[in-house]
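First up is the structure itself, then whatever we jot down about it.
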Amino acid sequence: MTITLIGYRGSGKSSIAPLIATRLGWQWADVDRLIEKKADKTIKDIFEQEGEPAFREIEREVVSELFQKKQMVIATGGGTVLSSQNRDHFIQGGPVIWLKASVEGLFERISKDPISEETRPSLTSKGGGIEEIQEVLQQREPFYKECATIKIETENHTFDSIVKKIMQQLPNEITAGENQT
Ligand code: S3P
(Lines give C-alpha, C1' and ligand atoms only; values in the text may rest on other atoms or scores of the structure.)
Protein backbone atom coordinates (compact mmCIF):
# COMPACT_ATOMS: atom_id res chain seq x y z
CA MET A 1 0.00 0.00 0.00
CA THR A 2 1.25 3.47 -0.85
CA ILE A 3 -0.04 6.94 -0.09
CA THR A 4 0.92 9.37 -2.84
CA LEU A 5 1.03 13.14 -2.46
CA ILE A 6 0.45 15.10 -5.65
CA GLY A 7 0.16 18.81 -6.42
CA TYR A 8 2.01 21.77 -7.86
CA ARG A 9 5.41 22.99 -6.71
CA GLY A 10 5.19 24.69 -3.38
CA SER A 11 2.07 22.78 -2.35
CA GLY A 12 3.93 21.17 0.58
CA LYS A 13 4.28 17.56 -0.67
CA SER A 14 7.85 17.05 0.60
CA SER A 15 7.10 18.60 3.99
CA ILE A 16 3.84 16.72 4.56
CA ALA A 17 5.03 13.24 3.44
CA PRO A 18 7.40 12.62 6.39
CA LEU A 19 4.78 13.90 8.85
CA ILE A 20 2.18 11.43 7.56
CA ALA A 21 4.77 8.63 7.51
CA THR A 22 5.69 9.29 11.15
CA ARG A 23 2.04 9.22 12.19
CA LEU A 24 1.57 5.84 10.50
CA GLY A 25 4.98 4.35 11.31
CA TRP A 26 5.61 3.97 7.56
CA GLN A 27 8.61 4.88 5.41
CA TRP A 28 8.53 7.85 3.08
CA ALA A 29 10.33 8.86 -0.10
CA ASP A 30 10.69 11.94 -2.27
CA VAL A 31 10.70 11.28 -6.01
CA ASP A 32 12.80 14.40 -6.77
CA ARG A 33 15.54 13.42 -4.32
CA LEU A 34 15.67 9.87 -5.74
CA ILE A 35 15.98 11.27 -9.27
CA GLU A 36 18.91 13.44 -8.16
CA LYS A 37 20.54 10.45 -6.51
CA LYS A 38 20.08 8.26 -9.58
CA ALA A 39 21.39 10.91 -11.99
CA ASP A 40 23.99 12.20 -9.54
CA LYS A 41 23.10 15.81 -10.35
CA THR A 42 20.52 18.41 -9.44
CA ILE A 43 17.15 18.52 -11.18
CA LYS A 44 18.04 21.89 -12.63
CA ASP A 45 21.23 20.40 -14.15
CA ILE A 46 19.31 17.44 -15.60
CA PHE A 47 16.82 19.85 -17.24
CA GLU A 48 19.59 22.10 -18.56
CA GLN A 49 22.04 19.43 -19.73
CA GLU A 50 19.74 16.62 -20.85
CA GLY A 51 16.34 18.25 -21.30
CA GLU A 52 12.91 17.65 -19.79
CA PRO A 53 12.17 14.39 -21.71
CA ALA A 54 15.31 12.79 -20.21
CA PHE A 55 14.23 14.00 -16.77
CA ARG A 56 10.75 12.50 -17.23
CA GLU A 57 12.32 9.18 -18.26
CA ILE A 58 14.37 8.98 -15.03
CA GLU A 59 11.25 10.06 -13.13
CA ARG A 60 9.28 7.14 -14.61
CA GLU A 61 12.06 4.70 -13.66
CA VAL A 62 12.16 6.01 -10.09
CA VAL A 63 8.36 5.76 -9.77
CA SER A 64 8.31 2.16 -11.10
CA GLU A 65 10.97 1.17 -8.60
CA LEU A 66 9.29 2.95 -5.70
CA PHE A 67 5.89 1.41 -6.20
CA GLN A 68 7.32 -2.07 -5.67
CA LYS A 69 7.73 -1.19 -2.00
CA LYS A 70 5.20 -1.61 0.76
CA GLN A 71 3.73 0.89 3.26
CA MET A 72 5.32 3.98 1.86
CA VAL A 73 4.28 7.63 1.72
CA ILE A 74 5.52 9.17 -1.52
CA ALA A 75 6.06 12.86 -2.29
CA THR A 76 5.97 13.27 -6.07
CA GLY A 77 7.24 16.16 -8.18
CA GLY A 78 4.69 18.63 -9.53
CA GLY A 79 4.85 17.07 -13.02
CA THR A 80 5.03 13.38 -12.10
CA VAL A 81 1.31 13.10 -12.93
CA LEU A 82 2.00 13.89 -16.58
CA SER A 83 2.84 10.25 -17.30
CA SER A 84 -0.12 7.86 -17.55
CA GLN A 85 2.17 5.05 -16.39
CA ASN A 86 2.93 7.03 -13.22
CA ARG A 87 -0.75 7.84 -12.69
CA ASP A 88 -1.59 4.12 -12.92
CA HIS A 89 1.01 3.35 -10.26
CA PHE A 90 -0.44 6.04 -7.97
CA ILE A 91 -4.03 4.86 -8.38
CA GLN A 92 -3.21 1.18 -7.98
CA GLY A 93 -0.96 1.89 -4.97
CA GLY A 94 -3.60 3.34 -2.63
CA PRO A 95 -4.89 6.78 -1.59
CA VAL A 96 -3.72 9.70 -3.73
CA ILE A 97 -3.78 13.04 -1.95
CA TRP A 98 -3.92 16.27 -3.95
CA LEU A 99 -2.55 19.24 -2.01
CA LYS A 100 -4.36 22.22 -3.53
CA ALA A 101 -3.66 25.94 -3.41
CA SER A 102 -4.51 28.96 -5.54
CA VAL A 103 -2.10 30.32 -8.15
CA GLU A 104 -1.37 33.31 -5.89
CA GLY A 105 -0.80 31.10 -2.86
CA LEU A 106 1.59 28.85 -4.78
CA PHE A 107 3.46 31.85 -6.18
CA GLU A 108 3.91 33.27 -2.71
CA ARG A 109 5.23 30.00 -1.31
CA ILE A 110 7.57 29.34 -4.24
CA SER A 111 8.97 32.90 -4.09
CA LYS A 112 9.59 32.61 -0.36
CA ASP A 113 11.56 29.38 -0.77
CA PRO A 114 15.24 30.46 -0.78
CA ILE A 115 16.49 27.35 -2.60
CA SER A 116 13.81 27.37 -5.29
CA GLU A 117 15.69 29.63 -7.66
CA GLU A 118 18.89 27.55 -7.61
CA THR A 119 17.39 24.10 -7.77
CA ARG A 120 14.14 24.34 -9.71
CA PRO A 121 14.10 24.71 -13.47
CA SER A 122 11.60 27.01 -15.20
CA LEU A 123 8.83 25.00 -16.81
CA THR A 124 7.94 27.40 -19.62
CA SER A 125 9.52 30.31 -21.44
CA LYS A 126 7.64 32.54 -19.00
CA GLY A 127 10.45 32.00 -16.48
CA GLY A 128 8.78 30.82 -13.30
CA GLY A 129 6.44 33.74 -12.49
CA ILE A 130 2.74 33.79 -11.77
CA GLU A 131 1.88 33.41 -15.47
CA GLU A 132 3.88 30.20 -15.66
CA ILE A 133 2.02 28.79 -12.67
CA GLN A 134 -1.31 29.75 -14.26
CA GLU A 135 -0.43 28.10 -17.58
CA VAL A 136 1.12 24.92 -16.19
CA LEU A 137 -1.54 24.42 -13.52
CA GLN A 138 -4.25 24.66 -16.14
CA GLN A 139 -2.58 21.90 -18.18
CA ARG A 140 -2.07 19.68 -15.16
CA GLU A 141 -5.30 20.09 -13.25
CA PRO A 142 -7.11 17.36 -15.26
CA PHE A 143 -4.35 14.92 -14.32
CA TYR A 144 -4.39 15.86 -10.64
CA LYS A 145 -8.19 15.45 -10.71
CA GLU A 146 -7.99 12.14 -12.51
CA CYS A 147 -5.92 10.41 -9.86
CA ALA A 148 -6.80 12.22 -6.61
CA THR A 149 -8.90 10.24 -4.15
CA ILE A 150 -8.53 12.91 -1.43
CA LYS A 151 -8.40 16.67 -2.07
CA ILE A 152 -7.00 18.96 0.59
CA GLU A 153 -7.15 22.76 0.53
CA THR A 154 -3.80 23.86 1.95
CA GLU A 155 -4.04 27.62 1.71
CA ASN A 156 -3.66 29.43 5.04
CA HIS A 157 -3.35 26.14 6.90
CA THR A 158 -0.37 24.98 8.96
CA PHE A 159 1.32 21.69 8.13
CA ASP A 160 -0.11 20.28 11.37
CA SER A 161 -3.67 21.07 10.43
CA ILE A 162 -3.14 19.72 6.89
CA VAL A 163 -1.81 16.46 8.36
CA LYS A 164 -4.82 16.28 10.68
CA LYS A 165 -7.21 16.74 7.74
CA ILE A 166 -5.42 14.03 5.76
CA MET A 167 -5.46 11.57 8.66
CA GLN A 168 -9.22 12.11 9.05
CA GLN A 169 -9.81 11.24 5.42
CA LEU A 170 -7.56 8.21 5.07
CA PRO A 171 -9.37 4.86 5.10
CA ASN A 172 -9.71 3.20 8.52
CA GLU A 173 -7.67 0.20 7.43
CA ILE A 174 -4.68 2.55 7.19
CA THR A 175 -5.18 4.71 10.27
CA ALA A 176 -6.07 1.80 12.59
CA GLY A 177 -2.38 1.20 13.32
CA GLU A 178 -1.55 4.88 13.74
CA ASN A 179 1.28 5.90 16.10
CA GLN A 180 -0.29 7.79 18.97
CA THR A 181 2.84 9.89 19.74
C1 S3P B 1 8.55 19.86 -11.61
C2 S3P B 1 8.46 19.96 -10.26
C3 S3P B 1 9.58 19.67 -9.36
C4 S3P B 1 10.60 18.74 -10.03
C5 S3P B 1 10.97 19.28 -11.39
C6 S3P B 1 9.77 19.42 -12.32
C7 S3P B 1 7.35 20.18 -12.42
O8 S3P B 1 9.12 19.06 -8.17
O9 S3P B 1 10.10 17.43 -10.16
O10 S3P B 1 11.58 20.53 -11.18
O11 S3P B 1 7.30 19.78 -13.60
O12 S3P B 1 6.41 20.79 -11.86
P13 S3P B 1 8.42 19.88 -6.96
O14 S3P B 1 6.95 19.88 -7.21
O15 S3P B 1 8.80 19.08 -5.76
O16 S3P B 1 9.04 21.24 -6.95
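The values are calculated or read from the model by the stated rules, or taken from the named source; none is laboratory data. Just so it is clear, the structure is predicted and the values come from calculations on it, not from any experiment. All Cβ positions, glycine included, derive from the backbone under ideal geometry; neighbour counts span all protein chains shown. We work out accessible area using only protein heavy atoms, side chains counted, and drop any ligands, DNA or RNA first. Shrake-Rupley method; radii C 1.70, N 1.55, O 1.52, S 1.80 Å.
State all residues of the stretch 127-181 that are polar (S, T, N, Q) and in a loop (DSSP other than H, G, I, E, B); if no residue qualifies, say none.
Correct list: 149, 154, 156, 158, 179, 180, 181.
Mind telling me which of the residues 56, 9 ends up being open to solvent by less than 60 Å² (accessible area, probe 1.4 Å), modelled with pLDDT under 95 and in contact with a Gly (Cβ under 8 Å, 6 or more places away or on another chain)?
It is 9.
Mind listing whichever residues of the stretch 1-54 are at positive phi, without any contact (Cβ under 8 Å) to a residue 60 or more places away in the chain and away from the ligand (no atom under 13 Å from the Cβ)?
40
Scanning for something modelled with pLDDT under 95 and open to solvent by less than 20 Å² (accessible area, probe 1.4 Å), does the stretch 139-147 turn up at least one residue?
For the stretch 139-147, residues modelled with pLDDT under 95 and open to solvent by less than 20 Å² (accessible area, probe 1.4 Å): absent.
For the stretch 64-73, enumerate the residues that are assigned to a helix (DSSP H, G or I) and either out of contact with any Leu (no Cβ under 9 Å at 6 or more places or on another chain) or over 19 Å from residue 7 (Cβ atoms) (or both).
Within the stretch 64-73, 64, 65 qualify.
Going by what's in this entry, would residue 123 be described as surrounded by 15 or more Cβ atoms within 10 Å (Cβ to Cβ), part of a loop (DSSP other than H, G, I, E, B) and within 15 Å of the ligand (Cβ to nearest atom)?
yes
Taking interchain pairs and intrachain pairs at least six residues apart, which have beta carbon atoms under 7 angstrom, with the first residue in the stretch 66-93 and without any contact (Cβ under 8 Å) to a residue 60 or more places away in the chain and over 22 Å from residue 24 (Cβ atoms) and the second among the basic types (Lys, Arg) and in a loop (DSSP other than H, G, I, E, B)?
So the pair list comes out empty.
What are the residues in the stretch 26-51 that are under 19 Å from residue 154 (Cβ atoms) and either open to solvent by 50 Å² or more (accessible area, probe 1.4 Å) or in a loop (DSSP other than H, G, I, E, B) (or both), if any?
Listed by number, the list holds a single entry, 28.
Please indicate, with yes or no, whether at least one residue in the stretch 91-113 is of a type in the set (A, V, I, L, M), over 30 Å from residue 1 (Cα atoms) and not in a helix (DSSP H, G or I).
Within the stretch 91-113 (the criterion being of a type in the set (A, V, I, L, M), over 30 Å from residue 1 (Cα atoms) and not in a helix (DSSP H, G or I)), the answer is no, since none of the residues qualifies.
With respect to residue 23, is the statement that it is open to solvent by 10 Å² or more (accessible area, probe 1.4 Å), of a type in the set (D, E, K, R), closer than 23 Å to residue 171 by Cα and assigned to a helix (DSSP H, G or I) true?
When the stated conditions are applied, residue 23 passes them.
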